[in-house]
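Presented below is the structure to which this report refers.
The values are calculated or read from the model by the stated rules, or taken from the named source; none is laboratory data. None of these values were measured; they are calculated from a predicted model. When we count neighbours, we look across all protein chains shown, and the Cβ atoms used for this are built from the backbone with ideal geometry, even at glycine.
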Amino acid sequence: MIDLSQGKYSGVAIPLGAIRTANSQGIGDFFDLIEFAKWAKKTEFSLIQLLPIQDSGDFSAPYSAISANGLNPVYISLWQVPLSDNSKLQVQEFSDLHKNDQRIHYKDVYTFKHSILRQVYEEFDIQKSDFQDFCEEHRYWLFPYCAYCTLKELNHKKPWYEWPQMKNISAADLETVKEKNSQKFYYHAFLQFLAFSQFADAANQIKAMDVVLKGDIPILMNLDSADVWYFRKYFNLNFKAGAPPDMFSDTGQNWGFPVYDWENLSHDDYVWWRNRIEIAAQFYGAYRIDHVLGFLRIWQIPAGEFSGLLGFYSPASYIDRHELLALGFDEGRIAWLSTSHISGESIEHSLQKNSSSVYDYLHQIENQNLYQIKPEFRSSETIAAESCPQEVKDFLINAHQNRTLLETSPGVFTAFWFYDQTSAWESLSQDEKEKLKKLIHDKVIASEKLWEKNGEKLLRVLMQSSSMLVCAEDLGAVPACMPGLLNRLQILSLKIRRWARDYDNGGQVIDPQTYPRLSVATLSVHDTSSLRGWWDEESDKEAFVAQLQQEFKDFDEMNTGLATAFLKNLFQANSVLVIPTLQDLFALDTSMLRQSPLEERVNVPGTVNDENWSWRMPFLVEELYLQENWNSTVRSFALRK
């Protein structure tokens, strides 16, 4: 147990699939986790932090799950299920073939494990009492998941929104799917039965070692998932979640995941979320809330947009039409601010030879040399789908985004992120600009209060659903109320060494010894480069080295001495929890460096390729036991004395 009132604790972060043992079948599994926990215990770690392990289908990205609760069958240990002699040979051959793979070949593992598990299922008696008990206990989410997987298979793996039938499903329809396709339906229940049984066994053994498992619960769900398909009323498919523009992206981020309908969730006492947390508590003693900011407010983007530019925070204190009228903006002025207006001069200047083709998408305003985009083309997706020249598409999309105010619902507005850089804004008088800017500022202040209240309400729902220690991923555009709220609720914040800076004082690097006690400190996470990779990129090296309480003549490149100083400094953090990645611990000893910094990386956000999520530890766990010098150094840090 992690006691927040006293003591400091150490953990190690590793994706479950990255663990390698002599018994691995191309990917780390639930029983490999037991072996890794034995090593963690040997080196005095109190906690193991995992990435999400929910079913992501044949796609390896753990944050793009097809179920909020269903575990990924690739983590089932085939050696722990009853195998025929022929199956045993197949499993051994596959294990030997992939024993020395440097990366996880996810689709190969996925295909092979399903082929073996289908054979096992053919001999399985679904009338067994423990299986029936499992199905009944988890019916709420399990039966929709099984129906979804069954129908997805019957529809050639197409997403549910492309199915010719059963896009919308009732409880009665669910029973029909089960009865007509019972063999397929119960295969998926069987997989979950095995996965839950094995993970529970592993979790219990690890708990007996006095090692805590820390899970990761993504806030959002994949659009093509069993939960969005069946529990549709809990999601708002008119919007997608993302992030506003920042120093990394001028157009923000669009993650493609639907946002929640919190009103409908509230009407049902948040049963979907409570169930999710209660199930996680069967295995974990702590969990990380991915994108905790989304429980305060989410950046939601109209479903027809590609980027995050036309998004806005929800909930928020919005601008009412009457407030604009009271400031002296008449209906025409409000329309001018909230809809795109394109002058004939700008069309001719920007498009020249292609100018004639753009008028098919515009309608003229009275007899003026002024135009608006026709209603049927007022989204980036519809414009992009047209057959006109790319230059025309780009012009229309830019014009579509050029609005000072965004109408969130009839008569209700919010400011465009770059509102003071729009054409309509430039046309305002100085007095009008000052009035509107003050109104926008007042709404931001009012929103902060709303976000704090909303966040506390929703986070308490999660906290009341289990006794797990709650840790927040609070990165991004953090509202001012966030630190105080987390502290009040005793939720741990996240401090990543390279990004922990005092941005109110010129971005000054913060020493880990001054981190808040209620925090998790680390050097790297799955979405960043490793310690060695970061140091190759870091431009402010002197500021970090100055805090290491040790002189270094040469610190341009990372070496074991510098890595040791960084990790020592990290473990001296004031944070109650320090959780480095396994990759960063390897940097302590040159004999442990079998991969380049680039190869140590788990994921590069915004990219889709076979390298992402395929990292595999370069040692067997059994080999880690033999690295006495390295283990001794790791142990000395983990004790945090």
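Data table
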{"item": "Where a residue in region 578-595 is outside the structural domain of Q49 (by TED's automatic domain parsing) and its partner, wherever it lies, is among the basic types (K, R) and not in a helix (DSSP H, G or I), with Cβ under 9 Å and at least six apart", "result": "V578/K8; V578/R640; I579/K214; Q583/R601; F586/R594"}
{"item": "Qualifying residues in region 559-578 (those that are among the small types (G, A, S) and in a helix (DSSP H, G or I)) - the one farthest from the chain's Cα centre (by Cα)", "result": "G561"}
{"item": "Positions within region 309-337 being part of a helix (DSSP H, G or I), surrounded by 15 or more Cβ atoms within 10 Å (Cβ to Cβ) and of a type in the set (A, V, I, L, M, F, W, C), in sequence order", "result": "L324, I334, A335, W336, L337"}
{"item": "Region 539-573 - residue that is touching a strand residue (DSSP E or B) at 6+ places or on another chain (Cβ under 8 Å) and either within 24 Å of H526 (Cβ to Cβ) or in the same structural domain as P516 (by TED's automatic domain parsing) (or both) and, of those, surrounded by the fewest Cβ atoms within 10 Å (Cβ to Cβ)", "result": "D540"}
{"item": "Qualifying residue in region 493-510 (condition: in the same structural domain as V271 (by TED's automatic domain parsing), closer than 30 Å to Q6 by Cβ, polar (S, T, N, Q) and surrounded by fewer than 20 Cβ atoms within 10 Å (Cβ to Cβ))", "result": "no"}
{"item": "Residue in region 296-316 that is under 21 Å from T404 (Cα atoms), outside the structural domain of I383 (by TED's automatic domain parsing), β-branched (V, I, T) and under 16 Å from the mean Cα position of the chain (by Cα) present", "result": "yes"}
{"item": "E136 being free of Cβ contacts under 8 Å to residues at least 24 places away in the same chain and either assigned to a helix (DSSP H, G or I) or not basic (K, R) (or both)", "result": "yes"}
{"item": "Region 412-453: number of residues that are under 30 Å from N487 (Cβ atoms), of a type outside the set (G, A, S) and assigned to a helix (DSSP H, G or I)", "result": "12"}
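To keep it simple, each residue is scored yes or no on (1) free of Cβ contacts under 8 Å to residues at least 24 places away in the same chain; (2) in contact with a helix residue (DSSP H, G or I) (Cβ under 7 Å, 6 or more places away or on another chain); (3) closer than 30 Å to Q464 by Cβ; (4) among the aliphatic types (A, V, I, L, M).
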{"site": "C481", "(1), (2), (3), (4)": "no, yes, yes, no"}
{"site": "L485", "(1), (2), (3), (4)": "no, yes, yes, yes"}
{"site": "S493", "(1), (2), (3), (4)": "no, yes, yes, no"}
{"site": "R498", "(1), (2), (3), (4)": "no, yes, no, no"}
{"site": "R532", "(1), (2), (3), (4)": "no, no, no, no"}
{"site": "S539", "(1), (2), (3), (4)": "yes, no, no, no"}
{"site": "Q547", "(1), (2), (3), (4)": "no, yes, no, no"}
{"site": "T560", "(1), (2), (3), (4)": "no, yes, no, no"}
